[in-house]
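All remarks here apply to the structure that follows.
The values are calculated or read from the model by the stated rules, or taken from the named source; none is laboratory data. Because the structure is a prediction, the values reported are computed rather than measured. Cβ: placed from backbone, ideal geometry, glycine included. Neighbour counts: every protein chain shown. Ligands, DNA and RNA are stripped out before the accessible areas are found, and what is left, the full protein with its side chains, is counted by its heavy atoms. Shrake-Rupley method; radii C 1.70, N 1.55, O 1.52, S 1.80 Å.
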Amino acid sequence: MTLKSLMTAAALAAVTLGAWAHEAIDVENAWVRATVPGQMATGAFMTITAKDGAQLVGASTPVAGVAQVHEMKMDGGVMKMAEVKGGLELPAGKAVQLKPGGYHVMLMDLKSTLAKDSTVPLTLIFKDAKGVESKMELKLPVAATPPGGMAKGMDMGHGMPMPMPAKQ
């Protein structure tokens, strides 16, 4: 087997793996919240359905120094946010919402302002039940509010936007 045919086979295998991941995991209604000058963090939101179950174990984007899967929840009357350690479970066939006030992809140490109507490249990293990792490349629209009339049930209640942590 020649080096060229070996490289062609490897490229075909990578395309096939990518196609498998996209068929097994569906991402819908994805978007990133727009920022204002000086804002150093924002969130990415979406609905993920894994046909056979999986975990969302990470994310990356060139627009932020750090991208992590986070959860926001009430704890003793105080809203707390933290990274989801070990990955976010995506039960087989069940839609999991990443939304303001709940699970989301936190983009921190932003390199520039994210303007409304622009797009953000985002790579999601998944693991299946056998521990096999796959990546999904997305381009998410940037919006001030959820696109397509998804606003109902997508905020923290009381119409409050998702708070951003101060830069440390």
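Those strands (runs of 3 or more DSSP E) of the range 71-139 in which 2 or more residues are open to solvent by 20 Å² or more (accessible area, probe 1.4 Å) and either of a type in the set (Phe, Trp, Tyr) or modelled with pLDDT of 95 or more (or both) occupy 95-98, 103-110, 119-127. Residues that are open to solvent by 30 Å² or more (accessible area, probe 1.4 Å) and of a type outside the set (A, V, I, L, M, F, W, C) within the range 34-59 comprise 37, 38, 39, 49, 51, 52, 55, listed in sequence order. In this structure, residue 66 does satisfy being part of a strand (DSSP E or B), at pLDDT 95 or above, surrounded by fewer than 15 Cβ atoms within 10 Å (Cβ to Cβ) and of a type in the set (Val, Ile, Thr). Between 133, 83, the distinction of being in contact (Cβ under 8 Å) with a residue 40 or more places away in the chain and in contact with a strand residue (DSSP E or B) (Cβ under 8 Å, 6 or more places away or on another chain) belongs to 133 only.
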